[in-house]
Each structure stands twice: as C-alpha cells, then as structure tokens.
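The values are calculated or read from the model by the stated rules, or taken from the named source; none is laboratory data. Please read all numbers here as calculations on a predicted model, not as lab measurements. Counting neighbours? That spans all protein chains shown, and the Cβs are built from the backbone with ideal geometry, glycine included. Heads up: the accessible areas ignore ligands, DNA and RNA and are worked out on the full protein's heavy atoms, side chains in. Shrake-Rupley method; radii C 1.70, N 1.55, O 1.52, S 1.80 Å.
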Amino acid sequence: MRLRTVGVKLSLALIALVAGALAIVYVAVVPTLENRLVDGRISQLQRTADAIVSDYTRQVDEPGFVWDSFVTAESQVRGVRVTAYQVVSEASPVYLRAFAESNPLGQSEGGDPLAHRAAEQARTQSGVVERSGAQVAEVAVPFGGAYVLLVAAPLDDTLGTVSLVRERFIAAGVIALLAAALVGFLLARVFGRRIHRLERAAERIAGGRFDEPVVDTSADELGELAVAFDRMRERLAVLERARREFIANASHELRTPIFALGGHVELLTDEDMDEDTRREFLAEMRVQIERLTKLATDLLDLSRLDAGRLHVELAPVDLGEIAGSLAAEFGGVGRGRDHLLEAEPELGATALADEERVRQIGRILVENAILHTPPGTEIRLTTGEAVDGVELRVEDSGPGIPAGDQQQVFERFYRGDGTITSGSGLGLAIAKELAVVMGGEIGLDSRPGRTVFTLKLPRSPTPVDEPEPALAR
C-alpha cells in the first residue's frame, strides 16, 4: 500500500491522534500521581513524628525512661525508622549527635541534612533523600529545645505502585495504538473503496458514459460528493443529448437547402427549359441561399455565445425608436401576410444595451409573430418602464402557445407541433442568450388570443442624447 494513499494517511492520522492523546494523559497523570503519593507519605510521616513527640512529652518524666527503648518501641509500633539527635553545638554549622536510633540508615558523620536544617531553622523539615540507592521519605522535627527527631520510611511501595501504573499505562497505550491502527486500516479500506467508486464514476463520465448513475447512500461528505457527481452526470447527459440533437438538426437544416439547390442546378442544365421556369428556379435558389446565409449566421452567433466570445457594446438605447423602426421595417412583410403591425412606444424607455443586438432580438420576435400566427392577426410593439429596468414588448392576438410548449420555445431547433416549419428554430434561443449577455432576460406570457414576448433590459442612467462611454462585454 502506498504511503500517499488516503487510506494510509487516515490510518497514520488516527494512530498519531491516539498516540498524542496517550502522551498527554501520561504526562498529566503519572507524574502527578507520583507527586501526590510521595506528598501523602510525607504528610503521614509528619503526623507520625508529631505523635512520637507527643509520646515523648508524656513519658520523659516517668521513672526508668530510656531513649533507646523509647525510640525502638515507637519504630516498631508505627512502622517507621526513628532517630533522635542531640544538638551538641549551636554554633554555625550546627553539630548533631545521634544518640538513639531504631534502624541505622548509613548516615554521614555529623547527622542528616534534613535534621541539620530543622535544628538551624527551629522548624519542621521534610523531603526525599537517597539512602543506599533507595528513595527514602524523611521528616525532621525539632523538640525539647536541644533535640531533633528524624522519622524516615522507604518509598519502595509508593514508587512501586507508580511503576506498576506506568507499566500498565504503557501496555494499555500499545494496545490502544494497535487497535487504532486496525480501526484506521478498516476505515481506510471502507473509505478507499468508496473513493475508488467515485474515481471510476468520474472516469466513466470523462469517457462520455452517462448511463450508469453514481450511487452512495451515506449521508457524509463522500455521499454529498456522490450526489454532486450524479447531478453533474445528469447535466452532462442532457448537454450531450443536446449536442447530438444540435448536430443532427444543424445537419438537417443545412442539408435541406443544399439538396434543393442541387436539384435546381441540375434542372437548370436542361436546355429545353423555358425562360419563365428558369426565372422561377433562380428565385427559389436565391431563397435557399438566403436561408443558408441566415442559418450560418445563427450558428455562428450560437457558437460565439457558447464560447463567451460574443462582443457587445453597452450604451444608452431608445427602445421606443427601435419599436417604431421595427414596425416600419416589417410593415410590408406584415401586409403581405395580412398582418397589422403598429408601434406604441412610451417616452423615456432607455436601456443600457447594444443597439444592434437589441434590434436583432426585436427582429426575431417580430418575425416569429408574423410567421407563427394566422392571417388577420394584430401585432403591437410597445415599450415601457419596469420595476428594475425597461421593456420592449411584442404582442400578438394569435391563438397562443400551448402551455406544454412555453418552456421549450427558447430551446435550440425547437418547433412546436402544428406550427409553420419555416425557419431554423434557432431564433428564440439566440434572442434569449443575447438578452442574458446584455444583463437582461426575455419573458413569455401566452394564452388564446394574446401572446406577449417581453425583452427586459437594465435601465440606462443617462438618456440617449447624453450618451455615456460605451461599456464592452
């Protein structure tokens, strides 16, 4: 197993965490336990020394009092070593003489250091000293004006208890580390398998296979990541289908006029064709060439929009003027199809947009209204203020767009059932994306007898007659 894998890193992190916790507990507990046990033993010796001094005070005046017998008896009864010192010289340094001792401790000539300090400072002294390689707790108590009582006890039992606790703690720590390593390894395998599943899913998605869902039922971060992967898979599947449909539809739209042109060119080679038929074929060929040109332009615009390379110049644009010019531009086409076009602009509807792109959107909406409504339909172009912008509206009195088609009319190559099939089906898709590029949107409100496409754009802070510098996007 490589050390750089997530599983190994997880195992090592868990081991390090447990080891760190054990080290902190060891440092906090073992030395404290040792200090408390030693301090407790010294406190116990302090009470014992006070009790021996009290016994001395009661027995010293009794007939037959003998120091050696007294010290030996107290040592046996209380289970400690007892030594009585007499202060021989009070001059600095103080000189002591041990004249009664229960168990000799191998002290140096001149007395015990703690006994010296007790005699010099005339108060009780305590501490831990080393005797013959062993740790001994001692308490020295001055009493009777010329004596020092030294009470001592070995710390073997106390330190043995601490050593036992230390050994068991280390053993428990080793077991805990092994358990942590095992748990970390098992968790690493579980998480490693889940991560590998996500890795394989990512490779499938990168390879263009979107049929198999990404499944992880856990509610943790990996589960959330799997859900995000699956959403990405679904979105990419939709985009892939759209791409294939786009290519198929574009190929179809291109093939139709090319096939028509090929047929007309072949027919034009007939030498017996009369002049009127030749003119009719040439006119039809011109229509097909215009259709190819418009389709190529639309596809180029879409490719630029998809790549984010469509350039727009934002400047103040009078939507009322555009509505009037569009009504005049399409007036002849409308009359030819028995449509009445009229503009009802509102003063002051000034947008911050690209004028040519706004006109392109307006042409798409007006042409859409003319082509997909029956003769006799009225078409109105209006402008006005909105809550947070300005609007250009194209309204017609046609039969309306079915509710099921309203969410799809802005999709590329979409043409609803029963509609006139002229056009490429790209116009509304281009119009919507152009509006977004300029910071606006296109809305649709349709019901039988009234359909309104609304282009909503940001309001310009300055009027058209006081233009601000153009902003590039």
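Alpha-carbon geometry of the stretch 170-247: the Rg and the Dmax are 19.0, 71 Å, given in that order.
Beta bridges from DSSP with both residues in the chain: antiparallel share about 90 percent, rounded to the nearest 5. In terms of its alpha-carbon gyration tensor, the stretch 286-379 comes out oblate; a/c meets the 1.5 threshold, while b/c is at least as large as a/b. Give me the distance between the Cα centres of the stretch 7-34 and the stretch 262-336, rounded to whole Å. A separation of 78 Å, based on Cα centres.
Rolling a 1.4 Å probe over the heavy atoms of the protein chains gives the chain an accessible area of 57 Å² per residue.
If you take the alpha carbon atoms of the stretch 109-160 and fit the smallest convex hull around them, that volume is 70 Å³ per residue. The alpha carbons of the stretch 351-412 occupy a box of 34, 26, 24 Å along the principal axes, longest dimension given first. Mean Kyte-Doolittle of at least -1.0 and a Cα length of 20 Å or more along the axis: which whole DSSP H helices of the chain meet both? Answer set is 6-59, 156-206, 221-268, 275-307, 355-371. Residues in the stretch 448-457 carry Karplus couplings, in order, of x, x, 7, 10, 10, 9, 10, 8, 10, 10 Hz; the curve used is 6.51 cos²θ - 1.76 cosθ + 1.60 with θ = phi - 60°, and Gly or Pro positions show x. Charging the Cβ of each Asp and Glu at -1 and of each Lys and Arg at +1, and nothing else, the dipole of the chain about its Cα centre rounds to 2360 debye.
Derived scalar couplings between HN and Hα for the stretch 134-145 equal 10, 7, 10, 8, 9, 9, 10, 10, x, 7, x, x Hz in order, rounded to whole Hz, by the Karplus curve 6.51 cos²θ - 1.76 cosθ + 1.60 (θ = phi - 60°), x for Gly and Pro. The magnitude of the dipole of the stretch 206-252, with charges of +1 and -1 set on the Cβ of Lys/Arg and Asp/Glu and taken from the Cα centre, is near 440 debye.
Taking every DSSP beta bridge that has both ends in the stretch 264-416, the antiparallel portion is near 70%. With q set to 0.09, 0.10, 0.12 Å⁻¹, the log10 of I(q)/I(0) for the stretch 209-346, from the Debye formula over equal scatterers at the Cα positions, is -0.63, -0.73, -0.89. Farthest toward the positive end of the dipole of the chain, out of Gly207, Thr217, Phe169, is the Cα of Phe169, where the dipole comes from beta carbon charges about the Cα centre. For the chain, relative contact order (Cα pairs under 8 Å, six or more residues apart, normalised by length) works out to 11 percent.
Our compactness index for the chain, the C-alpha radius of gyration over the empirical 2.2 N^0.38 Å, is 2.24. The calculated 222 nm mean residue ellipticity attributable to helices in the chain amounts to -19000 deg cm²/dmol, summing -39500 (n - 2.57) over DSSP H runs of n ≥ 4 and dividing by all residues.
Just so you know, the averaged projected area of the alpha carbon convex hull for the stretch 4-51 sits at 3.2 nm².
What a 1.4 Å probe finds exposed on the chain is 56% carbon and sulfur by accessible area, rounded to a whole percent.
Of the residues Val227, Val29, Leu347, the one whose Cα sits farthest towards the positive end of the charge dipole of the chain is Val29 (charges of +1 on Lys and Arg Cβ, -1 on Asp and Glu Cβ, taken about the Cα centre).
Can you spot the lysines whose alpha carbon is less than 21 Å from Lys456's alpha carbon? Ignore those fewer than 8 places along the same chain. Once the sequence-local lysines are set aside, what remains near Lys456 is Lys432.
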